[in-house]
Amino acid sequence: MVNLLIAGDFCPNSRVKKLIDSEDYNIVFENIKPIVNGSGYSVLNLECTIVSDENTSPIDKCGPNLKQSPKVLDSIKFAGFNCVTLANNHFSDFGHEGAIQTLRALENAGLDYVGGGKNLSDAAKILYKKINGHTLAVVNFCENEFTIATSTSGGANPLNPVDNFYKIQEAKRNANYVIVIIHGGPEHYQLPTPRMQKTYRFFVDAGADVVVNHHQHCYSGYEIYKEKLIFYGLGNFCFDIETKRNDAWNEGFMLTLSFSKERIDYKLIPYKQGDTNPGIVLMKDDELVTFQNKIEMLNEIISNPELLVASYRKFIEDTSMDYINVFNPYMNKWLRRLKKRNLLPAFIENELAVEYLTKERLLNLISFIQCESHAERCLNSLKYYYNTRIKK
C-alpha cells in the first residue's frame with residue numbers, strides 16, 4: 001500500500017508571513033499537521049522563489065514577483081511535507097539566480113522537489129520514490145508563462161503534451177504508480193476548460209494513474225476516467241491576501257490517495273485558509289455539507305460535455321473585456337469613456353497611438369500568446385467581441 005497526500009499552492013503572505021518570520025509555525029499548521037504526518041509521502045506546491053541574496057533582481061513579467069526567505073522551508077518541514085512541486089508561474093520570478101538559490105535552499109533543507117531545475121533538461125526530470133516496496137513516479141509541469149526553463153537557464157518544466165507524453169510513458173515503465181501534477185487553468189474559474197479536460201484525459205491515456213491540477217486559486221471538481229482519477233483544482237493551500245476574505249480564494253482541499261493492486265482510494269480534506277483565522281482550519285458541520293454540495297455540482301458539469309462548454313462560454317462572456325482592453329490603446333477607463341463619446345482631443349489620440357506598445361502592454365500580450373489558458377481565453381474573448389459588437 002502506498003499512501004500519498006497532495007496539497008495546493010503555498011505562498012506565505014501578509015499575516016502568515018509574519019507568523020513564519022517569527023517561527024510561529026504551529027498557529028498556521030496545527031490543524032493539518034497530524035494529517036500530513038499520517039501520510040506515507042506528502043507533496044506541496046511552492047508558489048514562490050526562495051531568495052537568500054536580497055540583491056537578486058526580479059524578472060519582467062505580468063503579475064507579482066513572489067519571493068520568500070529560506071525560513072519558509074522550515075515551516076514546510078514543520079508541517080510534515082516531504083516534497084515540493086516547482087513547475088508554476090513563480091518558481092523563477094527572480095530569474096536564473098533565483099531558481100538556483102531556490103534549488104540550493106531545498107537541498108540544504110532536505111526536501112525533495114520536482115518540476116524545476118537549473119535548465120530545461122533538469123526541470124523535466126521525473127521524481128521516483130520507493131515507498132513500502134513500491135515505486136512512485138511524480139511528473140510535474142506547468143502552463144507556459146514567464147518562468148519556463150531554457151536549455152541554459154533555470155526555471156519550470158513546461159506543459160508540452162508531446163514531451164509530457166514521453167515523460168509519462170518513461171515513468172510508467174519504471175514505476176508502479178504515476179502521478180501527474182499540473183499547474184494551470186484560468187484563475188478564479190472553478191471548472192476545467194474543455195481543452196484542459198481533453199489534455200488531462202490524454203495524460204491518463206499516456207499512463208498516468210492520477211492527474212492533479214492547481215493554480216486557479218479556487219478548488220474545482222474531479223472525475224474518474226478509464227478507472228483513473230483527474231482532480232481539476234485543489235485551491236490555495238495557504239495564500240493569505242488582505243483583500244480576500246470569505247471568498248473562494250479562502251477554500252481548498254488536500255487530497256489523500258491510497259494505492260493498492262486492486263484500486264486507488266481517495267479522500268478530500270476540505271479547509272479554509274487566510275480567512276478570519278490566518279492559518280489552515282479544517283471545515284466541519286455545515287461547512288462540510290456546503291463543500292460537498294458544491295463538489296457534486298461541479299462534478300455534474302464536468303461529466304456533461306454540453307454543460308462544460310456552456311459554463312466556459314458564460315465565463316468568457318463575463319470576463320471578455322479583461323482581454324479586449326489590452327488591445328485597446330485607451331487602457332485607462334476615463335480615456336476609454338472620452339473616446340467613446342468622441343471627446344478625446346486629436347493630439348492626445350495621436351500621442352496614445354505612438355505610445356501603444358508600452359512595456360506593460362507588451363508583457364500582457366506576450367502572456368496572452370504564450371500561456372495556454374490565457375491564449376484560449378483571449379481568442380474566445382476576441383471572437384465573442386466580434387460576434388456581439390462588430391459583426392453585422
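The values are calculated or read from the model by the stated rules, or taken from the named source; none is laboratory data. Keep in mind that this is a model prediction, so the values were computed, not measured. Counting neighbours? That spans all protein chains shown, and the Cβs are built from the backbone with ideal geometry, glycine included. Heavy atoms of the whole protein, side chains included, go into the accessibility calculation; ligands, DNA and RNA do not. Shrake-Rupley method; radii C 1.70, N 1.55, O 1.52, S 1.80 Å.
Where a Cα-Cα gap under 17 Å defines reach, which aspartates and glutamates qualify for residue 33, not counting those fewer than 8 residues away within the same chain?
9, 23, 24, 74
Find how much the distance from residue 313 to residue 132 grows on full extension, using 0.36 nm per residue of separation minus their present alpha carbon separation; answer in nm with one decimal.
Full extension of this stretch gives 60.6 nm more.
Straight-line reach only, C-alpha to C-alpha below 16 angstrom: list the lysines that residue 61 could link to, leaving out same-chain residues fewer than 8 apart.
359
Could you state how much accessible area residue 60 has, in square angstrom rounded to the nearest 10, with a 1.4 Å probe and all protein chains kept in place?
We get 90 Å² for residue 60.
Give the accessible area for residue 243 in Å² (nearest 10); use a 1.4 Å probe, count only protein heavy atoms, and leave out ligands, DNA and RNA.
Answer for residue 243: close to 120 Å² accessible.
Testing the spin-label approximation: label points 7 Å from Cα along Cα→Cβ at residue 57 and residue 358. State their distance in nm.
Roughly 2.2 nm, to one decimal.
Roughly to the nearest percent, how much of the accessible area of the chain is carbon and sulfur, given a 1.4 Å probe?
On the way: 9180 of 17910 Å².
Carbon plus sulfur share of accessible area: 51 percent.
Kindly list the residues of region 131-150 that lie in the label zone of residue 170, defined by a backbone N under 17 Å from the point 7 Å along the Cα-to-C-beta vector.
Inside the label zone: 136-142, 149-150.
How high is the relative contact order of the chain? Use alpha-carbon pairs under 8 Å, at least six apart in sequence, and give a whole percent.
Numbers: 809 pairs, mean separation 59.5, N = 392.
Computed over the chain, the figure is 15 percent.
For the Cα atoms of the chain, what angle does the longest principal axis make with the long axis of helix 305-324, in degrees from 0 to 90, nearest 10?
Taking the Cα atoms of the chain, the angle to 305-324 is about 50 degrees.
Along region 87-97, what does the Karplus equation 6.51 cos²θ - 1.76 cosθ + 1.60 (θ = phi - 60°) give for ³J(HN,Hα), rounded to whole Hz, x for Gly and Pro?
The phi angles translate into 6, 7, 8, 9, 4, 10, 4, 10, x, 4, 5 Hz.
Counting Lys and Arg as +1 and Asp and Glu as -1, each charge on the Cβ, what is the dipole of the chain about the Cα centre in debye, to the nearest 20?
Working: 44 positive and 46 negative charges, 208 e Å.
So the dipole magnitude of the chain works out to roughly 1000 debye.
Report the antiparallel proportion of the DSSP beta bridges in the chain as a percent, rounded to a multiple of 5.
On the way: 29 of 61 bridges.
Taking every DSSP beta bridge with both residues in the chain, the antiparallel ones total about 50 percent.
Could you put 297, 283 in order of accessible surface area, largest first, with the 1.4 Å probe and the full protein assembly present? It would help to have the intermediate numbers written out before the result.
On the way: 297 85, 283 15 Å².
Ranking 297, 283 by accessible area, largest first, yields 297, 283.
Helix 161-174: angle to the longest alpha-carbon principal axis of the chain, degrees 0 to 90, nearest 10?
0
Give me the distance in nm between label points sitting 7 Å out from Cα along the Cα-to-Cβ direction at residue 27 and residue 245, one decimal.
Modelled inter-label distance: 1.6 nm.
What are the ³J(HN,Hα) couplings of region 238-253, residue after residue, when phi is run through the Karplus curve with 6.51, -1.76, 1.60 and θ = phi - 60°? Round to Hz, x for glycine and proline.
My calculation for region 238-253 gives 7, 8, 6, 10, 4, 8, 10, 9, 6, 9, 4, 3, 8, 10, x, 8 Hz in order.
What does the charge count near residue 283 come to, summing +1 for each Lys or Arg and -1 for each Asp or Glu among other residues with Cβ under 10 Å from its Cβ? Kindly include the intermediate steps, with their values, before the conclusion.
Working: positive: 272, 284; negative: 251, 285, 286, 287.
Its environment carries a net charge of -2.
If you add up the charges near residue 17, with Lys and Arg at +1 and Asp and Glu at -1, over every other residue whose beta carbon is less than 14 angstrom from its beta carbon, what do you get?
Values: positive: 15, 18, 67, 71; negative: 21, 23, 24, 47, 74, 240, 242.
Net charge around residue 17: -3.
Can you tell me which of 100-110, 298-308, 178-188 comes out highest on packing, and rank the rest after it, using the mean Cβ neighbours within 10 Å?
On the way: 100-110: 17.2, 298-308: 14.8, 178-188: 23.5.
So the order, starting with the most tightly packed, is 178-188, 100-110, 298-308.
Given (i) 21.9; (ii) 21.1; (iii) 23.3, which label gives Kirkwood radius over Cα pairs in Å as computed from the coordinates?
(i)
Taking +1 at the Cβ of each Lys and Arg and -1 at the Cβ of each Asp and Glu, which of 367, 386, 147 sits farthest along the dipole of the chain towards its positive end, judged by Cα position relative to the Cα centre?
Farthest towards the positive end: 386.
About the Cα centre of region 160-211, what is the dipole size in debye to 20, counting +1 per Lys and Arg Cβ and -1 per Asp and Glu Cβ, all else neutral?
Values: 6 positive and 5 negative charges, 24 e Å.
Once rounded to the nearest 20, the dipole reads 120 debye.
Among the GluC sites (Glu not before Pro) within region 29-76, which fall in a DSSP loop and have no more than 11 other Cβ atoms within 10 Å of their own Cβ?
Values: sites: 30, 47, 54; in loops: 30, 47, 54.
Loop-located and lightly packed - 54.
Find the accessible area per residue for the chain; the probe is 1.4 Å, ligands and nucleic acids are left out, and the unit is Å². Don't skip to the end; give the middle numbers.
Details: 17910 Å² over 392 residues.
Per residue, the chain has 46 Å² of solvent-accessible surface.
Can you tell me the orientation of helix 359-370 relative to the chain, as the angle in degrees between its alpha-carbon axis and the longest Cα principal axis, to the nearest 10?
Once rounded, one gets 60 degrees.
What dipole magnitude, in Debye to the nearest 20, does region 1-99 give about its Cα centre under +1 on Lys/Arg Cβ and -1 on Asp/Glu Cβ?
Values: 8 positive and 12 negative charges, 54 e Å.
Dipole about the Cα centre, nearest 20: 260 debye.
Which of the aspartates and glutamates could be linked to residue 125 by a straight reach, that is with a Cα gap under 14 Å, when you skip same-chain ones fewer than 8 residues away?
Within reach: 112, 163, 170.
By the scheme Lys and Arg +1, Asp and Glu -1, what is the net charge of all other residues having a beta-carbon under 12 Å from that of residue 146?
Cβ neighbours under 12 Å give a net charge of -3.
Restricting things to alpha carbons, find the Rg to Rh ratio for region 64-124 using the Kirkwood radius for Rh.
On the way: Rg = 11.1 Å, Rh = 11.8 Å.
Radius of gyration over Kirkwood radius for region 64-124 works out to 0.94.
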